[in-house]
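Below is one structure; the comments refer to it alone.
The values are calculated or read from the model by the stated rules, or taken from the named source; none is laboratory data. Quick caveat, the model's predicted, so the values are computed rather than measured. Note that each Cβ is placed from the backbone with ideal geometry, even for glycine, and that neighbours are counted across all protein chains shown. Quick note on the areas: whole protein, heavy atoms, side chains included, nothing else; ligands and nucleic acids left out. Shrake-Rupley method; radii C 1.70, N 1.55, O 1.52, S 1.80 Å.
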Amino acid sequence: MLTSDRLRIVLAASEAVPFSKTGGLADVSMALARALDALGHSVTVIVPDYRQLRLAKQDQLPVVTDSGLRFSISMHGRYVTGGVNWTFLPETGIKVLLISQSDYFDRPQLYMEDGQGYQDNCARFCFFSRAVLEVCQQMVLRPDIIHCNDWQTGLIPALLHSQFAGRPAFENAASVMTLHNMAFQGRYWQPDMLLTGMDARYFNMHHMESWGDLNLLKTGISFADQITTVSPTYAQEVCTPEGGEGLDTLLSYRSDDLVGILNGIDTSIWNPASDAHLPAVYSAKEIQPGKGVCKSALQERMGLPQRDRAPLFGMVSRMSDQKGFDLVAECASRLLLDDIQIAFLGTGDPRYEDYLQHLAIENPSRVAVSIGFDEGLAHQIEAGADCFLMPSRFEPCGLNQMYSLRYGTLPIVRRIGGLADSVVDVQSESLRTGVATGFVFDDYTSPQLAETVERAVELYRQPNVWEQVMKNGMSADWSWQNSARRYVETYRRALERRHDRGADNRQ
Ligand code: ADP
């Protein structure tokens with residue numbers, strides 16, 4: 001690669017594995033960084049230093065050092081000082097900068113406790129966004145691209161466009177804003193504009209304001225040079241009133257700068273042939289006995305009878321309205337008429353946690369629930385289950401269905417967002433052509449979910465066909481390499497846009 005082709009990319013996110021994680025964003029940010037690094041680009045990841053969480057799992061992390069750098073940001077007339085801890089990810093050139101600010105980030109959780117978001121989330125992530133640019137400047141990173149992710153970093157493109165625009169550190173910097181989930185927008189009351197460091201004149205419907213509130217996701221969309229969503233179908237959905245969550249008009253207006261790129265998965269972590277969380281490994285070439293061992297170990301761990309003939313359904317998810325738990329609840333009694341088992345892992349809305357715990361108490365030999373966040377168990381469910389449930393109301397990309405495909409666990413999904421882009425329904429034609437990989441339904445209704453589960457149970461009784469469908473999914477390429485190349489194309493388009501913007505400003 002020529003040096004001129006090598007981009008200096010700063011990837012800013014509110015979470016990244018192995019340092020912090022509540023959902024897919026954490027996997028995506030680090031896996032994309034790794035794939036870009038492998039393509040020869042220079043990548044720096046910047047995340048908050050949730051110190052308490054980091055120290056809790058210190059033995060699993062690379063050594064983190066204090067850079068000695070300190071900076072102060074005026075937050076609503078009060079100076080708040082932060083620092084930078086840093087590390088390299090082993091076996092890569094990726095530098096990870098952890099923005100430390102103990103009042104904001106040294107907490108038991110990332111965004112909320114007991115179902116309640118932290119009161120000062122706006123201040124925390126305005127501080128983080130502003131810190132990203134301060135640190136880029138002070139550490140002379142001179143980025144070509146600042147890749148922002150979700151509302152927590154939505155302020156960055158706006159700052160880059162305004163007060164940071166003329167600074168030498170950002171002469172050539174373009175911004176890319178990735179929308180991982182439109183349901184979370186970072187909406188706060190108008191007085192919080194004072195936390196952004198932006199001029200009050202930007203509080204208008206074309207820039208930072210939406211329905212009378214400050215909206216940090218809208219801010220990112222308005223100012224970014226390019227916008228991406230995490231699947232092609234979701235890129236279309238966000239331009240509709242149903243999928244745009246109030247920002248569809250703006251996104252339609254910016255549709256020339258909007259592209260959907262399906263996430264990949266980190267195949268070094270999610271690989272049934274080498275996964276250290278599993279009691280046995282397996283591959284598309286040799287599925288058994290490994291997968292069977294994983295199934296009976298999972299049944300044992302979850303307290304279910306070790307029956308290899310009973311189809312075992314798994315679900316690993318944030319327990320929220322988005323993920324289709326209401327559908328599962330509505331049709332649970334119908335599903336349990338069949339001789340199936342279901343293993344749930346998740347945490348979130350206490351309504352769903354309580355409901356599933358009751359369901360398990362009432363059906364101890366059929367339903368098992370683990371409430372909490374457990375990386376190892378998530379891997380064991382992906383491997384040990386026969387089918388994976390993902391009946392989401394909406395799903396920008398979704399990672400679990402791709403993990404499932406790779407682990408030979410047939411996903412049951414709704415035809416929306418990234419689920420539509422990654423799972424091919426079992427039909428006679430798709431079976432004949434060897435592309436069927438799972439079960440897909442259209443309407444968000446419990447009868448449709450129940451019928452689809454019943455279709456799966458029926459196919460499970462034809463082991464040869466079932467195995468072929470497993471193999472179809474297991475042999476597909478879900479690695480990040482293709483997606484990373486598409487991001488690089490998007491970065492180059494962002495730089496062109498940035499260049500045009502610079503030319504316009506000079507006229
Ligand atoms: P989302 O980002 O909307 O939560 P995704 O499917 O994109 O959904 O990603 C979810 C990620 O979080 C997956 O890696 C999944 O395995 C993981 N995950 C979700 N809940 C849990 C849990 N309770 N324990 C372990 N991992 C979980």
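Of all residues in segment 315-330, those being more than 16 Å from the ligand (Cβ to nearest atom) and within 26 Å of S296 (Cα to Cα) number 1. Applying a threshold of 8 Å to beta carbon distances and a minimum spacing of six or more residues, or different chains, the list of pairs starting in segment 179-208 at a residue that is open to solvent by 80 Å² or more (accessible area, probe 1.4 Å) and ending at one that is within 16 Å of the ligand (Cβ to nearest atom) and not acidic (D, E) reads F184/W151; F184/L217. Among residues of segment 107-128 that are within 14 Å of L216 (Cβ to Cβ), none has a Cβ under 6 angstrom from a residue that is open to solvent by 50 Å² or more (accessible area, probe 1.4 Å) and assigned to a helix (DSSP H, G or I) at a sequence gap of 6+ or on a separate chain. Report yes if Q468 is surrounded by fewer than 17 Cβ atoms within 10 Å (Cβ to Cβ), more than 19 Å from N263 (Cα to Cα) and modelled with pLDDT of 95 or more, otherwise no. So Q468 fits the description; yes.
Within segment 304-322, can you find the residues that are in contact (Cβ under 8 Å) with a residue 40 or more places away in the chain, in contact with a helix residue (DSSP H, G or I) (Cβ under 9 Å, 6 or more places away or on another chain) and surrounded by fewer than 20 Cβ atoms within 10 Å (Cβ to Cβ)? Passing the criteria: P305, D321. So for segment 385-396 (the condition being within 30 Å of T240 (Cα to Cα), open to solvent by 20 Å² or more (accessible area, probe 1.4 Å) and within 10 Å of the ligand (Cβ to nearest atom)), does at least one residue qualify? Yes, that holds for at least one residue. Could you run through segment 242-261 and say how many residues are touching a residue at least 12 places away in the same chain (Cβ under 8 Å) and either outside any helix (DSSP H, G or I) or outside the structural domain of D500 (by TED's automatic domain parsing) (or both)? Qualifying residue count for the region: 10. Flag: Q163 matches the condition of being within 21 Å of I73 (Cα to Cα), surrounded by fewer than 21 Cβ atoms within 10 Å (Cβ to Cβ) and in the same structural domain as S222 (by TED's automatic domain parsing).
Scanning segment 422-458 for residues being buried (at least 20 other Cβ atoms within 10 Å of the Cβ) and assigned to a helix (DSSP H, G or I) gives a total of 6. Among the residues making up segment 338-349, a single one is under 15 Å from M319 (Cα atoms), more than 11 Å from the ligand (Cβ to nearest atom) and modelled with pLDDT of 95 or more: A343. Every residue in segment 93-105 that is touching a helix residue (DSSP H, G or I) at 6+ places or on another chain (Cβ under 9 Å) and crowded, with 16+ Cβ neighbours inside 10 Å, please. Those that are touching a helix residue (DSSP H, G or I) at 6+ places or on another chain (Cβ under 9 Å) and crowded, with 16+ Cβ neighbours inside 10 Å: I94, V96, L97, L98, I99, S100, Q101, Y104, F105.
Which of the residues that make up segment 362-378 are closer than 20 Å to P311 by Cα, out of contact with any helix residue (DSSP H, G or I) (no Cβ under 7 Å at 6 or more places or on another chain) and more than 8 Å from the ligand (Cβ to nearest atom)? Within segment 362-378, E362, N363, P364, S365, R366 qualify.
How many residues, within segment 390-409, are in contact with a Gly (Cβ under 9 Å, 6 or more places away or on another chain) and more than 11 Å from D421 (Cα to Cα)? Qualifying residue count, segment 390-409: 13. Summed over segment 312-349, the residues that are farther than 21 Å from A378 by Cα and in contact with a Ser or Thr (Cβ under 7 Å, 6 or more places away or on another chain) give a count of 3.
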